[in-house]
Amino acid sequence: MNIEFITDAYTSDDLKLPMVHFESKEKDICVICIHGMCGTIIDNYFATVWGKLLSEKNIGFIYEHNRGHSIENDIVMKDGSFKRCGCMYELFEDCIYDIDLAIQTAKDKGYKRIILLGHSYGCNKVIYYFYKKHPNILGIILASAPDMIGSHLSAQSDEYEKLLNEAKENIDNNEPTKLLHKMIEDYMYMSSQTYYNWYNENSKLNNLPVISNPKQWDQFETINVPILTFSGSNEEDYYLHLDLLKDKAINCNNFEYNVIENTGHTYKTKELEIGNLIFDWINKNFNN
């Protein structure tokens, strides 16, 4: 197994995004991992287990640190300057640039076929990317796919309108990066531009509306490639309605879901079990 640190890849809007590549001897299939809120490969130990296992079975694995990695970061630009990014400053739609880069990087490494894997908030990014770009990919893996809007409204119901108005006022006053007065998700402050981008009534992030469950799931319904999804049994309830996701994937004729017992959002003690689940799904569907 060869692990490569990719440090020279730039998005089309000139951000340098580091990646970790678990190289396969055969340059055929590559799984691209899109992390969730504030994620890094250090926090996402499970990704290192999956990358090692898959690469040893001749499937490449690339973990991209997108512009939302960590709570806050300064990302190097192509001209040598820095841009303040991280989860607290990112705009959801910019994930298009980041996933474009990851796919192009995999192709530049010689891989012919791509699978997109999202973890947590990364699932929302993968769904949105497919909706906007309809890329030529083999399939999609959704690891602990969240209802980002519904879960936030449930947790912040008393503060939501106040926070949204505060964010809009700061944006109108030309202070989009001003932090809101209240901590979000109980662990980080969020810029006004990010909060409004994520949680306004027309947000593109609202693509897994498990809690509200409208008749139409406009983005999700466009997926027409095989889907594998799973969550840990110890996760919050809105992660566990995988049968509902199957019902809403009306253009996907190959949908597999699993609840992994006795584990949570980062799959502690179950990393290898899930790695084998992913490999078996790939082998069954794409290596015949």
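The values are calculated or read from the model by the stated rules, or taken from the named source; none is laboratory data. None of these values were measured; they are calculated from a predicted model. No Cβ is skipped: glycine too gets one built from the backbone with ideal geometry, and neighbour counts run over all protein chains shown. These area figures cover heavy atoms from the full protein model, side chains too; ligands, DNA and RNA do not enter into them. Shrake-Rupley method; radii C 1.70, N 1.55, O 1.52, S 1.80 Å.
The set of residues from segment 188-199 being within 17 Å of Lys125 (Cα to Cα) and of a type in the set (S, T, N, Q) comprises Thr194, Asn197.
Being without any contact (Cβ under 8 Å) to a residue 12 or more places away in the chain, open to solvent by 10 Å² or more (accessible area, probe 1.4 Å), assigned to a helix (DSSP H, G or I) and among the acidic types (Asp, Glu), is that true of even one residue in segment 90-112? Yes, segment 90-112 contains a residue that is without any contact (Cβ under 8 Å) to a residue 12 or more places away in the chain, open to solvent by 10 Å² or more (accessible area, probe 1.4 Å), assigned to a helix (DSSP H, G or I) and among the acidic types (Asp, Glu).
A quick yes/no check of all residues on (1) at pLDDT below 95; (2) open to solvent by less than 70 Å² (accessible area, probe 1.4 Å); (3) in contact with a strand residue (DSSP E or B) (Cβ under 6 Å, 6 or more places away or on another chain); (4) not basic (Lys, Arg):
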residue: Met1; (1), (2), (3), (4): yes, no, no, yes
residue: Ala9; (1), (2), (3), (4): no, yes, no, yes
residue: Leu15; (1), (2), (3), (4): no, yes, yes, yes
residue: Pro18; (1), (2), (3), (4): no, yes, no, yes
residue: Lys25; (1), (2), (3), (4): yes, no, no, no
residue: Ile29; (1), (2), (3), (4): no, yes, yes, yes
residue: Ile34; (1), (2), (3), (4): no, yes, yes, yes
residue: Asp43; (1), (2), (3), (4): yes, no, no, yes
residue: Thr48; (1), (2), (3), (4): no, yes, no, yes
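Among all residues of segment 220-229, there is none that is hydrophobic (A, V, I, L, M, F, W, C), within 20 Å of Leu91 (Cβ to Cβ) and touching a strand residue (DSSP E or B) at 6+ places or on another chain (Cβ under 8 Å).
Return yes or no: is Leu153 farther than 25 Å from Asp43 by Cβ and modelled with pLDDT under 95?
yes
In segment 62-82, the residues that are more than 13 Å from Asp94 (Cβ to Cβ) and open to solvent by 30 Å² or more (accessible area, probe 1.4 Å) form Cβ pairs under 6 Å with partners that are charged (D, E, K, R) and not in a strand (DSSP E or B), at six or more places apart or across chains, as follows: Met77/Asp14; Lys78/Asp14. Scanning segment 53-77 for residues that are among the β-branched types (Val, Ile, Thr), part of a loop (DSSP other than H, G, I, E, B) and either in contact with a helix residue (DSSP H, G or I) (Cβ under 7 Å, 6 or more places away or on another chain) or on the phi > 0 side of the Ramachandran plot (or both) yields one hit, Ile59. Of the residues examined, Tyr195 is one that is closer than 16 Å to Glu93 by Cα and of a type in the set (Phe, Trp, Tyr). Considering segment 120-139, the residues that are more than 18 Å from Ala47 (Cα to Cα) and part of a loop (DSSP other than H, G, I, E, B) include one that is most open to solvent (accessible area, probe 1.4 Å), namely Asn136. Apart from one condition, Lys168 fits all of (1) at pLDDT 95 or above; (2) closer than 22 Å to Leu240 by Cβ; (3) in contact with a helix residue (DSSP H, G or I) (Cβ under 8 Å, 6 or more places away or on another chain); (4) not acidic (Asp, Glu); the exception is (2). Taking segment 1-43 as the range and being part of a strand (DSSP E or B) and among the hydroxyl-bearing types (Ser, Thr, Tyr) as the test, only Tyr10 passes. Taken over segment 278-288, the criterion of being within 16 Å of Glu56 (Cβ to Cβ) and either modelled with pLDDT of 95 or more or in a helix (DSSP H, G or I) (or both) is satisfied by Ile278, Phe279, Asp280, Ile282, Asn283. Tell me which residues, restricted to segment 208-266, are open to solvent by less than 90 Å² (accessible area, probe 1.4 Å), in contact (Cβ under 8 Å) with a residue 60 or more places away in the chain and acidic (Asp, Glu). Selection gives Glu235 alone. Taking residues in segment 153-177 that are in contact (Cβ under 8 Å) with a residue 24 or more places away in the chain and of a type in the set (Ser, Thr, Tyr), and partners anywhere that are in a loop (DSSP other than H, G, I, E, B) and surrounded by 13 or more Cβ atoms within 10 Å (Cβ to Cβ), the pairs with Cβ atoms closer than 7 Å and at least 6 places apart or on different chains are Ser154/Ile211; Thr177/Tyr89. Identify, by number, the condition in (1) surrounded by fewer than 18 Cβ atoms within 10 Å (Cβ to Cβ); (2) in contact with a strand residue (DSSP E or B) (Cβ under 6 Å, 6 or more places away or on another chain); (3) not hydroxyl-bearing (Ser, Thr, Tyr) that Met190 doesn't meet. With (1) surrounded by fewer than 18 Cβ atoms within 10 Å (Cβ to Cβ); (2) in contact with a strand residue (DSSP E or B) (Cβ under 6 Å, 6 or more places away or on another chain); (3) not hydroxyl-bearing (Ser, Thr, Tyr) applied to Met190, the lone miss is (1).
For segment 140-160, what are the residues that are open to solvent by 10 Å² or more (accessible area, probe 1.4 Å), out of contact with any Lys or Arg (no Cβ under 9 Å at 6 or more places or on another chain) and not acidic (Asp, Glu)?
Met148, Ile149, Gly150, Ser151, Leu153, Ser154, Ala155, Ser157, Tyr160
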